[in-house]
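*Asks:* Here it is: the structure, laid out below.
The values are calculated or read from the model by the stated rules, or taken from the named source; none is laboratory data. Quick caveat: nothing in here was measured; it's all calculated off a predicted structure. Virtual Cβ from ideal backbone geometry, glycine too; neighbours counted across all protein chains shown.
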Amino acid sequence: MQQIEHSRHTTSLPRPSRRAVVLGLALLAILHSFLIMLWVMPVNPIRDAVGNERLSNYINPYFEQSWSVFAPTPRRGGENVVVRAYIGDVKKGDGTLTDWFDITSNEDARIKYLVNPSRIHSATRRLGGNVNNALAAFSAAERKVVGANYVESSRKDMTALLLKVNPRGSAGLADIDAYVRNDEMLTRYLTMYATARWGDGVTMIQYRVGHRSVPNYSIRKDVKFTDVPFEYYTFGYRKAMPGSADAQKAFDDYVDEAPPKAATKGKAP
Amino acid sequence: MTTTPTAPQQELETPTTPSLPPRETSVVDASLDLINDWYSRAERWLFLDKHSMRGAAFARILSGLSVLGILITNFRVRDLLFGPGSEWNKPLQDSAQYAPPRLIDGLGSGAFLIFYCAVIVLAALWVLGWHVRIVGPLMLIGHVAIIERIPVLGDQGDNILRVGLFTLLFMHTSEFWSLDARRRRRTEAVDVDRRDFLPAAGAVLRNAWNGHFLVPRWLSNGVHNIAVATLAFQLVLIYIAAGMFKVQGTLWQHGTALYYPLQLQEYKPLPFLTDLFTSFGVLVGISTYVVVFTQLFFPLMMLNKITRRIAISLVLLFHVSIAILMALPWFSLSMIAFDAIWVSSSTYIAAERWLGSRLSPEKDLFWDLADPVIDRLPLPSHGR
């Protein structure tokens, strides 16, 4: 970079000991940049030589970054989360089961023509996408486990069952961990969302995650992405996880209340 | 200087070669001279003056606008996203590695509102360049505290903003276009008499507050220039890594990759504009290839003045398109902010002159209105 003019910062070369101090700092910066380079590049032997864990310890969390965004394969799938809730005592079974409500479509309507949307609008999309990714890696036995109800039993029981049927050893653990975390986040989110929409007394919620893919480029003028139907997977009932009063208030301010009569009498499963 | 032992032998074996003049430098000598030359150039670059101070100032302004943009965009749903309502994200909050979010753990709505507004004010002050050495770190900590409360909704824009801002903290970002520069012009550095501790400490503090030299120039120049080079290289890494991942993908190779994400609801705020773009297959193809090759060849294009301008214009166009077509304005603004470090000072000077000549009446009006207000503020910098 050329120097345009001398600034008031101009000085002469300092004595060697002072130069050594700055050169030491420069070496640290070079080492830092080298480690960032190893982290962001595709996996390679130099990175293996340094060791993934050592590298990760340096990078995470403050220098974390990943530039394989939309690559090698760009994102081409959309996810939807649809929820319903049971309001009332589960054991007595005299409560109300609400209709299914498509939260993500509601978000889509909110972000239309909005160039600077809030990131809250991608909450269900992101959580649904994470759940869907885990589900795609799951075996039939694992899918059966997450399709079951966990109302009387806890999420820990579900985790134990998943670990028991995990057919892929350590590779499968990451997916189980991802599913359990996202299931919990989704359950918390949906409980508060359902309470804001349908009122107090939500004791269980159930969600379905839909997935659809962008039609191939060659048929882009004949088939629109929004016309592609979702393929849904329905997960079992989950015990409601209500939040604090402040948290619920935040949801109440955000969520539209259901129109009257949206709820129908239903039997607890 | 010594010559390599093979040199005379070669001369004997190849009598047809005209005899070399005595004391001709060998390859080794020439290489050593070259290394020496490069080394001394690098040293002079590192110490003699601060580089890219306008780029750093512009990066400060744009990165601050990006923080402001993110916080203001999410203001209405701040409780749901980052405040007490964010407890739906508890599993990730419990396992988060970041320290700053713990600052606001457990804050109620009211206290969180105060914290949130304080970070907005800090970001505005960072844009204006008001005591950047204090405001910068506080804003960064505050911003990370808020944003990393909800890692599940984060994106790469958060990462580049955090890393870039951290690097900017080591630079001298207030030499231009800042209130700090203005205060510095209006005050004079006080002599520090080292014999008396208290007056000396007072003088140092006063000089620090008014933005006069505190750290010896060799050190501050060195640190600033190292940070400039680190940020410039970080940008290169982003583009080259992104390019390398893209060339692996068949959809990128076939020039149709851009079409796919543009169809997703969250990246399609203006459907008519996107549909218009994707209806022209050639445009999709050219844009896809331009993205891949600009990223991949970004470092090479930085080596020459003309190609550098082409590359920077292309990434600018690319990020403005992402901002509008894909509804990712703050990611784009953060990228543009740090790309600014690669723009040469001569370009900034030309732009400043052009803008200055056009906007001088507005500028005069602004200071006519602002000066009386600023002069009334009870700040120590205004009594000389």
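*Asks:* State yes or no: is B:N225 under 30 Å from A:L23 (Cβ atoms), out of contact with any Gly (no Cβ under 7 Å at 6 or more places or on another chain) and within 11 Å of chain A (Cβ to nearest Cβ)?
*Replies:* Yes, satisfied.
*Asks:* Picking from A:A140, A:A171, A:A109, A:A136, which residue would you name as being within 18 Å of A:V81 (Cβ to Cβ), surrounded by fewer than 21 Cβ atoms within 10 Å (Cβ to Cβ), more than 14 Å from every other protein chain (Cβ to nearest Cβ) and without any contact (Cβ under 8 Å) to a residue 24 or more places away in the chain?
*Replies:* Numbers: A:A140 fails: within 18 Å of A:V81 (Cβ to Cβ); A:A171 fails: within 18 Å of A:V81 (Cβ to Cβ); A:A109 fails: more than 14 Å from every other protein chain (Cβ to nearest Cβ).
None of the other options fit; the residue is A:A136.
*Asks:* Can you find a residue in the stretch B:311-332 that is within 25 Å of B:N225 (Cα to Cα), surrounded by fewer than 15 Cβ atoms within 10 Å (Cβ to Cβ), of a type outside the set (F, W, Y) and within 27 Å of the chain's Cα centre (by Cα)?
*Replies:* Scanning the stretch B:311-332 turns up at least one residue that is within 25 Å of B:N225 (Cα to Cα), surrounded by fewer than 15 Cβ atoms within 10 Å (Cβ to Cβ), of a type outside the set (F, W, Y) and within 27 Å of the chain's Cα centre (by Cα).
*Asks:* A further question on this structure: Just for the stretch B:276-288: of the residues that are in a helix (DSSP H, G or I) and not β-branched (V, I, T), which one is surrounded by the most Cβ atoms within 10 Å (Cβ to Cβ)? Show your work before the answer.
*Replies:* If we filter the stretch B:276-288 for residues that are in a helix (DSSP H, G or I), which is where we start, we get B:276-279, B:281-288.
When the remaining residues are screened for being not β-branched (V, I, T), the result is B:276-277, B:279, B:281, B:283, B:285, B:287.
Numbers: B:L276: 11, B:F277: 17, B:S279: 11, B:G281: 15, B:L283: 13, B:G285: 16, B:S287: 20.
Within the stretch B:276-288, the match that is surrounded by the most Cβ atoms within 10 Å (Cβ to Cβ) is B:S287.
*Asks:* Just a yes or no: is a residue in the stretch B:34-46 closer than 20 Å to A:A247 by Cα and free of Cβ contacts under 8 Å to residues at least 12 places away in the same chain? Lay out the reasoning, then the answer.
*Replies:* Filtering the stretch B:34-46 down to residues closer than 20 Å to A:A247 by Cα leaves none.
No, every residue in the stretch B:34-46 fails to be closer than 20 Å to A:A247 by Cα and free of Cβ contacts under 8 Å to residues at least 12 places away in the same chain.
*Asks:* Which is more than 7 Å from every other protein chain (Cβ to nearest Cβ) and at positive phi, of A:G51, A:G77?
*Replies:* Values: A:G77 fails: at positive phi.
Answer to the check: A:G51.
*Asks:* Is there any pair with a first residue in the stretch B:215-229 that is free of Cβ contacts under 8 Å to residues at least 60 places away in the same chain and a second that is surrounded by fewer than 22 Cβ atoms within 10 Å (Cβ to Cβ) and not in a helix (DSSP H, G or I) whose Cβ atoms are under 7 Å apart and which are 6 or more apart or on different chains, and what are they?
*Replies:* Pairs that qualify, where the first residue is free of Cβ contacts under 8 Å to residues at least 60 places away in the same chain and the partner is surrounded by fewer than 22 Cβ atoms within 10 Å (Cβ to Cβ) and not in a helix (DSSP H, G or I), are B:R217/A:H9; B:R217/A:T11; B:V223/B:F170.
*Asks:* Only one of these conditions is not met by A:L97: (1) over 32 Å from the mean Cα position of the chain (by Cα); (2) more than 13 Å from chain B (Cβ to nearest Cβ). Which number is it?
*Replies:* Among (1) over 32 Å from the mean Cα position of the chain (by Cα); (2) more than 13 Å from chain B (Cβ to nearest Cβ), A:L97 violates only (1).
*Asks:* Further question on the same structure: Give the residue that is surrounded by the most Cβ atoms within 10 Å (Cβ to Cβ), with candidates limited to residues of the stretch B:250-267 that are within 24 Å of B:D339 (Cβ to Cβ) and at the interface with chain A (Cβ under 8 Å from one of its Cβ atoms).
*Replies:* Here is the first cut: in the stretch B:250-267, the ones within 24 Å of B:D339 (Cβ to Cβ) are B:252, B:257-258, B:261-262, B:267.
When the remaining residues are screened for being at the interface with chain A (Cβ under 8 Å from one of its Cβ atoms), the result is B:252, B:257-258, B:261.
Values: B:W252: 23, B:A257: 28, B:L258: 26, B:P261: 18.
Ranking the candidates gives B:A257 first.
*Asks:* Pick from A:P42, A:P14: which is within 11 Å of chain B (Cβ to nearest Cβ), touching a helix residue (DSSP H, G or I) at 6+ places or on another chain (Cβ under 8 Å) and surrounded by fewer than 16 Cβ atoms within 10 Å (Cβ to Cβ)?
*Replies:* Numbers: A:P14 fails: surrounded by fewer than 16 Cβ atoms within 10 Å (Cβ to Cβ).
Going through A:P42, A:P14 in turn, just one is within 11 Å of chain B (Cβ to nearest Cβ), touching a helix residue (DSSP H, G or I) at 6+ places or on another chain (Cβ under 8 Å) and surrounded by fewer than 16 Cβ atoms within 10 Å (Cβ to Cβ): A:P42.
*Asks:* Here is a further query. Can you tell me which residue among A:R181, A:R208, A:R197 is part of a helix (DSSP H, G or I), over 18 Å from A:S122 (Cβ atoms) and at pLDDT 95 or above? I'd like the intermediate steps shown before the answer.
*Replies:* On the way: A:R181 fails: over 18 Å from A:S122 (Cβ atoms); A:R208 fails: part of a helix (DSSP H, G or I).
Checking each option against the conditions leaves just A:R197.
*Asks:* If I ask for residues that are β-branched (V, I, T), within 18 Å of B:T167 (Cβ to Cβ) and touching a Ser or Thr at 6+ places or on another chain (Cβ under 9 Å), which ones from the stretch B:223-273 would you list?
*Replies:* B:V228, B:T230
*Asks:* May I ask you to verify whether A:S68 is surrounded by 15 or more Cβ atoms within 10 Å (Cβ to Cβ), hydroxyl-bearing (S, T, Y) and free of Cβ contacts under 8 Å to residues at least 40 places away in the same chain? Outline the logic, then answer.
*Replies:* On the way: surrounded by 15 or more Cβ atoms within 10 Å (Cβ to Cβ): yes; hydroxyl-bearing (S, T, Y): yes; free of Cβ contacts under 8 Å to residues at least 40 places away in the same chain: yes.
Here the answer is yes, as A:S68 does meet what is asked.
*Asks:* Kindly indicate whether B:L153 is more than 28 Å from B:V343 (Cα to Cα), out of contact with any Pro (no Cβ under 8 Å at 6 or more places or on another chain), within 11 Å of chain A (Cβ to nearest Cβ) and surrounded by 20 or more Cβ atoms within 10 Å (Cβ to Cβ).
*Replies:* Working: more than 28 Å from B:V343 (Cα to Cα): yes; out of contact with any Pro (no Cβ under 8 Å at 6 or more places or on another chain): yes; within 11 Å of chain A (Cβ to nearest Cβ): yes; surrounded by 20 or more Cβ atoms within 10 Å (Cβ to Cβ): yes.
Judged against the criteria, B:L153 is a match.
*Asks:* Looking at the stretch B:116-155 only, could you name the residues that are of a type outside the set (A, V, I, L, M) and either in contact with a Phe, Trp or Tyr (Cβ under 7 Å, 6 or more places away or on another chain) or under 16 Å from B:G69 (Cβ atoms) (or both)? I'd like the intermediate steps shown before the answer.
*Replies:* We begin by selecting, within the stretch B:116-155, every residue of a type outside the set (A, V, I, L, M); these are B:116-117, B:126, B:129-131, B:133, B:136-137, B:142-143, B:148-149, B:151, B:154-155.
Those that are of a type outside the set (A, V, I, L, M) and either in contact with a Phe, Trp or Tyr (Cβ under 7 Å, 6 or more places away or on another chain) or under 16 Å from B:G69 (Cβ atoms) (or both): B:Y116, B:C117, B:W126, B:G129, B:G136, B:G142, B:H143, B:E148, B:R149, B:G154, B:D155.
*Asks:* Something else about it: Could you grab me the full set of residues in the stretch B:182-211 that are more than 34 Å from the chain's Cα centre (by Cα), loosely packed, with under 13 Cβ neighbours inside 10 Å and not charged (D, E, K, R)?
*Replies:* B:F197, B:L198
*Asks:* Taking the condition in contact (Cβ under 8 Å) with a residue 40 or more places away in the chain, over 26 Å from B:A242 (Cβ atoms) and more than 17 Å from the chain's Cα centre (by Cα), does B:I349 pass? Step through it out loud before you land on a result.
*Replies:* Values: in contact (Cβ under 8 Å) with a residue 40 or more places away in the chain: yes; over 26 Å from B:A242 (Cβ atoms): yes; more than 17 Å from the chain's Cα centre (by Cα): yes.
So B:I349 passes the test.
*Asks:* Is the stretch B:19-42 home to any residue that is assigned to a helix (DSSP H, G or I) and surrounded by 16 or more Cβ atoms within 10 Å (Cβ to Cβ)? Write out each step before concluding.
*Replies:* So the first thing to find is which residues in the stretch B:19-42 are assigned to a helix (DSSP H, G or I), and the list is B:27-42.
Then keep just the ones that are surrounded by 16 or more Cβ atoms within 10 Å (Cβ to Cβ); that gives none.
Taking every residue of the stretch B:19-42 in turn, none turns out to be assigned to a helix (DSSP H, G or I) and surrounded by 16 or more Cβ atoms within 10 Å (Cβ to Cβ).
*Asks:* Within the stretch B:93-110, can you find the residues that are at the interface with another protein chain (Cβ under 7 Å from one of its Cβ atoms) and either buried (at least 20 other Cβ atoms within 10 Å of the Cβ) or not in a loop (DSSP other than H, G, I, E, B) (or both)?
*Replies:* Residues of the stretch B:93-110 at the interface with another protein chain (Cβ under 7 Å from one of its Cβ atoms): B:97-98, B:108-109.
Selection gives B:S109 alone.
*Asks:* Continuing with the same structure: Mind listing just one residue for me: the one in the stretch A:181-239 that is surrounded by fewer than 20 Cβ atoms within 10 Å (Cβ to Cβ) and of a type in the set (S, T, N, Q) and, of those, nearest to A:T104 (Cα to Cα)?
*Replies:* A:T226
*Asks:* Continuing with the same structure: Out of (1) in contact with a helix residue (DSSP H, G or I) (Cβ under 9 Å, 6 or more places away or on another chain); (2) at the interface with chain A (Cβ under 10 Å from one of its Cβ atoms), the odd one out for B:A59 is which?
*Replies:* So B:A59 meets the others, but not (2).
*Asks:* Turning to a different aspect of this structure: Can you list the helices (runs of 4 or more DSSP H) found entirely within the stretch A:1-110 that contain at least 2 residues being under 30 Å from A:L135 (Cα atoms) and at pLDDT below 95?
*Replies:* Values: elements: A:16-40, A:45-50, A:52-59.
Per the criteria, A:52-59.
*Asks:* Assuming B:Y348 fulfils every condition listed in (1) at pLDDT below 85; (2) aromatic (F, W, Y); (3) surrounded by 14 or more Cβ atoms within 10 Å (Cβ to Cβ) apart from one, which condition is it?
*Replies:* Here B:Y348 meets the rest and fails (1).
*Asks:* Which one of B:G55, B:G85, B:G69 is closer than 30 Å to A:A196 by Cβ, within 26 Å of the chain's Cα centre (by Cα), at pLDDT 90 or above and in a helix (DSSP H, G or I)? Spell out how you get there, then give the answer.
*Replies:* Details: B:G55 fails: closer than 30 Å to A:A196 by Cβ; B:G85 fails: within 26 Å of the chain's Cα centre (by Cα).
After ruling out the rest, the residue left standing is B:G69.
*Asks:* Looking at (1) at pLDDT 95 or above; (2) farther than 27 Å from B:S66 by Cα, which is the one condition that is false for B:M335?
*Replies:* With (1) at pLDDT 95 or above; (2) farther than 27 Å from B:S66 by Cα applied to B:M335, the lone miss is (2).
*Asks:* Let me confirm something: among A:Y232, A:Y217, which residue is within 19 Å of the chain's Cα centre (by Cα), among the hydroxyl-bearing types (S, T, Y) and under 30 Å from B:Y259 (Cα atoms)?
*Replies:* Working: A:Y217 fails: within 19 Å of the chain's Cα centre (by Cα).
Within the list A:Y232, A:Y217, the selection yields A:Y232.
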